Amino acid sequence: MAQFIDRRLNGKNKSAVNRQRFLRRYKDQIKESVADAVNQRSITNTESGEDISIPQRDIKEPIFHQGKGGLKERVHPGNDQFIRGDKIERPKGGGQGDGSGEGDASKDGEGEDDFVFQISKDEYLDILFEDLALPNLEKTQLNKIKEWKTHRSGFQTAGVPANIAIVRSLQQSLARRTAMTAGKRRLMQELEDELEKIQLAEPAQLLVEKQLKEEIAELRRKIDSVPFIDTFDLRFKNYEKRPVPSSQAVMFCLMDVSGSMDQATKDIAKRFYVLLYLFLTRTYENVEVVFIRHHTQAKEVDEHEFFYSQETGGTIVSSALKLMHDIVKERYPQGEWNIYAAQASDGDNWADDSPRCKELLANQLLPECQYFAYIEITRRSHQTLWYEYEKLIDTHDHFAMKNIRNVEDIFPVFRELFHQETA
């Protein structure tokens, strides 16, 4: 079997070359594994990487081998059933096999486990939020929010081996050796010229000739003792994140915490908002997030109270929409801010309050928002709030509605709501 070794240097904006190539090659399988993993995580577990499992069948590589070629005859001992020229029937399916398959092996065979490897927190979040963006983000005032992009930025004297700049390091080594040996080489050349003159002169001056040879040998030894490369010759590629000017934005997170929202439903809502919060803080700098909890009354809260408070009560959804409208008028002028909102509820609401919610959205909030997403978390049939909101879909392109029935629906719905639009 022939073996091929890839010795190409690091590509631009890349480190750990083989790892990056592996992540690119199995990108689809890794994204699928990450999507499965996010549903199994606790809502508080956001600071670690993830163990990614790839089925053994998906990482098989093509093999280069020598062709057989020509005509060959083989004699296999122990054949008492066939003679030359006989045709052999293809084995029927359903046999025991040789036990080389993946997963569960046969009773007497052997199997192979899936390939499992660890990705870092940064790699996990990069894959998780790939191709996601805030919809309809417009440039207003460019003084707050920043996006970051990694660029090459010269060289540095310290770094990891994967980022070593070989050519630049050799240039530094050559410059150092030239500086340290230039004077000695010049003196050695002068002594060699003088030695050549003495050797041609008459009569012979053996004592002077011997002394010159010793001096030349000593200079050559000093030149040879200068190391080819030293630690302070090493240069490493430097990368820095540069801000890309963008627009300032605010995201309103509205969560129903009424008595009809049982613990499982609240947990799904919190998981959705954890994903949203991670996405915003990971992708954008200084984006503002406003948390609003509501039952019969709405209240603006901080991040900790939003996710961990046990307060509950009846349901009046319009209270949250009114509070959001008041906050927008007070702190976020429409001409200067991109305003977004995500509302999560089980759909349970006072019957006469649902039409009021639709009117608040249509007349006050949607004209101010770049995007408004409503997520209904329920296994039951939809109630009046859903049907009232449905009346806005045809007339408002920046309004979206999705239904989440269980934990497995969270990430697919999240990606649908915030999928990056292609130009």
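The values are calculated or read from the model by the stated rules, or taken from the named source; none is laboratory data. All values reported here derive from a predicted model rather than from experimental measurement. Using ideal geometry, Cβ is built from the backbone for each residue, glycine included, and neighbour counts are taken over all protein chains shown. Note: areas computed on protein heavy atoms with side chains; ligands, DNA, RNA excluded. Shrake-Rupley method; radii C 1.70, N 1.55, O 1.52, S 1.80 Å.
In table form, for the structure just shown:
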| quantity | calculated |
| --- | --- |
| Of all accessible heavy-atom area on the range 143-266, the percent that carbon and sulfur account for (1.4 Å) | 56 percent |
| At R0 = 41 Å, FRET efficiency that the Cβ-Cβ distance of Ile327 and Ser153 yields, to 0.05 | 0.55 |
| Fraction of accessible area attributable to carbon and sulfur, the range 293-423 (%, probe 1.4 Å) | 47 percent |
| Given Lys266/Lys329; Lys322/Lys402; Lys270/Lys358; Lys184/Lys237, the pairs whose alpha carbons are separated by over 27 Å | Lys266/Lys329; Lys184/Lys237 |
| Efficiency of FRET between Ala217 and Arg185 - r from beta-carbon atoms, R0 22 angstrom, step 0.05 | 0.95 |
| Relative contact order, percent, the range 281-423 [alpha-carbon distance under 8 Å, six or more residues apart] | 18 percent |
| Cut-off under 5 Å, modelled amide H: who pairs with Gly314 long-range | Gly259, Thr296 |
| For the range 320-423, size of Cβ-based charge dipole, Lys and Arg +1, Asp and Glu -1, in debye | 140 debye |
| Where the range 198-287 is the region considered: accessible area per residue in Å², 1.4 Å probe | 52 Å² |
| Average accessible surface area per residue within the range 297-385, 1.4 Å rolling probe, Å² | 44 Å² |
| Value of Rg/Rh across the range 341-423 [Cα atoms, Kirkwood radius] | 0.97 |
| Stokes-Einstein D in µm²/s, Kirkwood radius over Cα pairs - the range 359-403 at 20 °C with 1.002 mPa s viscosity | 193 µm²/s |
| Computed magnitude of the charge dipole of the range 159-278 (debye, nearest 20; Cβ of K, R +1, Cβ of D, E -1) | 620 debye |
